[in-house]
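**Student:** Sending over a structure as structure tokens; questions will come in a sec.
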Amino acid sequence: MVEMKLKKKDKCILRALLENGRLSYSELSRRCGISRQVAFERVRKLSGEGVVKGFSVCLDADKLGFSFKAYVLLIAKPEEKLRNELSEFLRNSKNVRKIQLLFGRFDFFLELLFRDKDEMTEFLRTMQSFGAVERTETFIVYQTMKDNPEDPFMECFSE
């Protein structure tokens, strides 16, 4: 995919929205030195082009009772029917935050959230009961030192 060339005002808008996605168009225009209408049009254009995929809320999992975070690396058997059943289970599971397909020794990388170890244990047992699961490796997070997914983008939007 070709990297999109962004105008200075677009970079300013994106940086401001990364810092605070709730900014009004008036505040965006003030921060970026453009009119409110231009801010609105630029955000709409960036959204239409898929640069901005949406707006969301960042929740604190611990405060909401999801105290167990785990990552699972999974090797799956090659049979397509078995993989499809496993994929459907993972996509529909309330505990799965992210599923990534990998090149290399492992096939899937899963990011999971649970309320307690019993919920995690039950999920892992169910997942491993699928015929497609050949092997898993589970990592339980005991402390998160940094969680700022927007950081890699901040520098590219600064002038």
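**Student:** Of all residues in the range 26-58, count the ones that are more than 22 Å from Asp147 (Cα to Cα), among the hydroxyl-bearing types (Ser, Thr, Tyr) and surrounded by fewer than 18 Cβ atoms within 10 Å (Cβ to Cβ).
**Tutor:** Residues flagged as more than 22 Å from Asp147 (Cα to Cα), among the hydroxyl-bearing types (Ser, Thr, Tyr) and surrounded by fewer than 18 Cβ atoms within 10 Å (Cβ to Cβ) within the range 26-58 amount to 3.
**Student:** Of the residues Leu101, Leu73, which single one is outside the structural domain of Glu19 (by TED's automatic domain parsing) and surrounded by 15 or more Cβ atoms within 10 Å (Cβ to Cβ)?
**Tutor:** On the way: Leu101 fails: surrounded by 15 or more Cβ atoms within 10 Å (Cβ to Cβ).
The unique qualifying residue is Leu73.
**Student:** Of the conditions (1) surrounded by fewer than 13 Cβ atoms within 10 Å (Cβ to Cβ); (2) over 30 Å from Lys8 (Cα atoms), Leu110 fails just one. Which one is it?
**Tutor:** (1)
**Student:** For the range 46-57, check the following and say yes or no: at least one residue is more than 30 Å from Glu111 (Cβ to Cβ), of a type outside the set (Phe, Trp, Tyr) and modelled with pLDDT of 95 or more. Outline the logic, then answer.
**Tutor:** To start, the set of residues in the range 46-57 that are more than 30 Å from Glu111 (Cβ to Cβ) comprises none.
Taking every residue of the range 46-57 in turn, none turns out to be more than 30 Å from Glu111 (Cβ to Cβ), of a type outside the set (Phe, Trp, Tyr) and modelled with pLDDT of 95 or more.
**Student:** Of all residues being under 16 Å from Phe153 (Cβ atoms) and outside any helix (DSSP H, G or I) in the range 8-22, which is nearest to the chain's Cα centre (by Cα)? Just the residue, please.
**Tutor:** The qualifying residue nearest to the chain's Cα centre (by Cα) is Gly21.
**Student:** Right, another one. Quick check: is even one residue across the range 79-96 within 19 Å of Thr144 (Cα to Cα) and at pLDDT 95 or above?
**Tutor:** Quick first cut of the range 79-96, residues within 19 Å of Thr144 (Cα to Cα) only: 95-96.
Now drop any that are not at pLDDT 95 or above, which leaves 95-96.
Looking for residues that are within 19 Å of Thr144 (Cα to Cα) and at pLDDT 95 or above, one finds at least one in the range 79-96, hence yes.
The values are calculated or read from the model by the stated rules, or taken from the named source; none is laboratory data. It should be emphasised that the depicted structure is a prediction, and the values quoted were computed from it without experimental measurement. Here Cβ is always computed from backbone atoms with ideal geometry, including for glycine, and neighbour counts include all displayed protein chains.
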